[in-house]
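Below is one structure, written out as structure tokens; comments come after it.
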Amino acid sequence: MTCVPDATILAALERRLGPKGYISDPAAMAPWLTDWRGRVHGHTAALLSPADVSEVQDIVRLAAASRVALVPQGGNSSMVAGATPPADGSALLLSLRRMKAVRDLSADDNIAVVEAGVVLSDLHLAAETIGRRFPLSLGAKGTATIGGLISTNAGGTQVLRFGTMRALVAGIEAVLPSGERFDGLSALRKDNRGYDLRQLLTGAEGTLGVVTAASLRLVPAIGARAVAWVGLASPHAALRLLRRLEAATGDAIESFEAVPANALAMVLRHIPGTRAPLSGQHDWNILIEATAPLGAPDPVEQLTGLLAAAAGEALVADAVVASSEAQADALWKLRESIAEAERIDGAAAKHDISVPVSDMPDFLIEARAAVEERFAGARVIAFGHLGDGNIHFNVQPPLGIDPKRWLEAEGPRVNAFVHDLVAARSGSLSAEHGIGQLKLAEFARTADPVRLGALRAIKNALDPLGIMNPGKLVPEPAP
Ligand code: 2HG
Ligand code: ZN
């Protein structure tokens, strides 16, 4: 059990961190106390914003001595309220946003060493300055921070070729729950000294310590890219197209993102400046990005030819390949705005699920029909990372019904129904957003007890006082 922070620890923290690092003004804290979707509201006595690792160590030491819980936070764009403190004020919020130094960029090592508060789009720009690229990207790139991306093992729209954050973390610096600094920043390509602490801390959602910096893998800069928007009849046709494009282009295909007709319509309705890329309506749309290294032939011609051939065989109904960077950006905006458009559209039961890639087309058709039959009027918006077998299978309330009340009444049943369909295909109820607090109950309900037991054993070994982000990721054993 942790303790509510008392006046003694608050005064000690205020002394140590000074006015920039210790914030207790409710108005200044307010934006960081509600999750991105506005579903969960937290409360805290203070927002701690350390400037360097030694300040993080002192915060953790003081918290451990008083058994006060800490909730680490980056850009506050968690989809599962993983960085929102509890409503009872029992935890302190630990923001890493002031720690935003790019400590090193090495073209020889293909490595960037950056602090946890660096925003993803700033890392993209920093890598460009040495002719390299950081290949992970997602809609929230302007706010998501490296610490948060690591702590949630973020995915995004470029995972197909380079993997999730896990594959890109070459080294980590973290403050462990004891207050000790773990220096694992050395970006060794080979290192077999047993359990990999870098990987343990990646995806740990701040429950095993505070990630303060990381060494991240860079890849060669892009010479040119081809971005296409394809209309087709089914997810089965889409998957066949993906495999055909991969076979023809080697590893040039970096993104293969599915956008059903209803998701596209929602973006066009809510996001200013967007317009439909194809003249007709298609049940399914795919956003494809293919890249070529510097000096290699432009991929536009090859992708155009491959899509024309696929259209000749009726695999593709219609397609457009962007003829300028501005057009390519406009196509990407359609895909990257879905989450924002859905947020504007209203509350939904969100499911970030994965099944084996080859099962996903059947799952999409069958699960949608099953949900719509079981929950009359419910509307399924299922979009995302088809090439990774990861779809955001979101369920909107029936029209004409108070959405909040419907979700309160039916949400838990909808979640269980969808997650059981996923489990029947040996899938995961969290492909990329993590467990946080919003998936905790369903994780506890559906997870193999062996997995839960191992998770709890690791958590207890590293954080015996339970001060690191309690109530997230690791379900409590049933009483
Ligand atoms: C995406 O792929 C994000 O756009 C958000 O992971 C998904 O809002 C969602 O459900
Ligand atoms: Zn996603």
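Taking first residues from the range 409-433 that are without any contact (Cβ under 8 Å) to a residue 24 or more places away in the chain and partners that are away from ligand 2 (no atom under 15 Å from the Cβ) and in a helix (DSSP H, G or I), the Cβ contacts under 7 Å between residues at least 6 apart in sequence or on separate chains come to Ala423/Thr446. Taking every residue in the range 28-48 that is basic (Lys, Arg) and pairing it with any residue that is in a loop (DSSP other than H, G, I, E, B), at least 6 positions away or on another chain, the pairs with Cβ-Cβ distances below 7 Å are Arg39/Ala81. For the criterion of being without any contact (Cβ under 8 Å) to a residue 12 or more places away in the chain, assigned to a helix (DSSP H, G or I) and either away from ligand 2 (no atom under 16 Å from the Cβ) or within 22 Å of the chain's Cα centre (by Cα) (or both), Arg368 fails. Here are the criteria: (1) more than 27 Å from Arg368 (Cα to Cα); (2) within 16 Å of ligand 2 (Cβ to nearest atom); (3) hydroxyl-bearing (Ser, Thr, Tyr). Tell me which single one Ser337 does not satisfy. Here Ser337 clears every test but (1).
Number of residues in the range 388-441 that are among the charged types (D, E, K, R), in a loop (DSSP other than H, G, I, E, B) and closer than 25 Å to Leu160 by Cβ: the value is 3. For the structure I just gave you, tell me whether Gly427 is under 30 Å from Val4 (Cβ atoms) and modelled with pLDDT of 95 or more. Spelling it out, it is not the case that Gly427 is under 30 Å from Val4 (Cβ atoms) and modelled with pLDDT of 95 or more.
The residue list Asp109, Asp58, Asp104, Asp88 contains one member that is touching a Lys or Arg at 6+ places or on another chain (Cβ under 8 Å) and either under 29 Å from Lys333 (Cα atoms) or not β-branched (Val, Ile, Thr) (or both), which is Asp58.
Step by step: first the residues of the range 452-479, then only those that are in a loop (DSSP other than H, G, I, E, B) and loosely packed, with under 11 Cβ neighbours inside 10 Å, then the one that is modelled with the lowest pLDDT. Which residue is that? In this case the residue turns out to be Pro479.
Meeting the requirement of 1 or more residues that are touching a Phe, Trp or Tyr at 6+ places or on another chain (Cβ under 9 Å), the helices (runs of 4 or more DSSP H) wholly within the range 1-76 are 7-21. Applying a threshold of 8 Å to beta carbon distances and a minimum spacing of six or more residues, or different chains, the list of pairs starting in the range 232-251 at a residue that is of a type in the set (S, T, N, Q) and ending at one that is not in a loop (DSSP other than H, G, I, E, B) reads Ser234/Trp284; Ser234/Pro361; Ser234/Ile365; Thr249/Ala290; Thr249/Pro299; Thr249/Gln302; Thr249/Leu303; Thr249/Leu306. Looking at Val118, Val114, just one residue is surrounded by 19 or more Cβ atoms within 10 Å (Cβ to Cβ), of a type in the set (Val, Ile, Thr) and without any contact (Cβ under 8 Å) to a residue 40 or more places away in the chain, and that residue is Val118. Taken together, Leu197, Leu208, Leu216, Leu185 contain a single residue that is touching a helix residue (DSSP H, G or I) at 6+ places or on another chain (Cβ under 7 Å), of a type outside the set (Val, Ile, Thr) and farther than 30 Å from Glu289 by Cα, which is Leu208.
Across the range 266-304, the number of residues qualifying as free of Cβ contacts under 8 Å to residues at least 12 places away in the same chain and hydroxyl-bearing (Ser, Thr, Tyr) comes to 0.
Residue-by-condition table, conditions (1) within 11 Å of ligand 1 (Cβ to nearest atom); (2) surrounded by fewer than 23 Cβ atoms within 10 Å (Cβ to Cβ); (3) among the charged types (D, E, K, R):
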site: Ser324; (1), (2), (3): no, yes, no
site: Asp329; (1), (2), (3): no, yes, yes
site: Ala348; (1), (2), (3): yes, yes, no
site: Val357; (1), (2), (3): no, yes, no
site: Glu372; (1), (2), (3): no, yes, yes
site: Phe383; (1), (2), (3): yes, no, no
site: His392; (1), (2), (3): yes, no, no
site: Ala409; (1), (2), (3): no, yes, no
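Residues in the range 419-459 that are of a type in the set (S, T, N, Q) and within 16 Å of ligand 2 (Cβ to nearest atom): Ser428, Ser430. So, in the range 242-272, exactly how many residues are among the charged types (D, E, K, R), touching a helix residue (DSSP H, G or I) at 6+ places or on another chain (Cβ under 6 Å) and closer than 19 Å to Ile381 by Cβ? Total meeting the criteria: 1.
The values are calculated or read from the model by the stated rules, or taken from the named source; none is laboratory data. Keep in mind that what you see is a predicted model, and the values were worked out from it rather than measured. For neighbour counting, all protein chains shown are included, and Cβ atoms are generated from backbone atoms with ideal geometry for every residue, glycine included.
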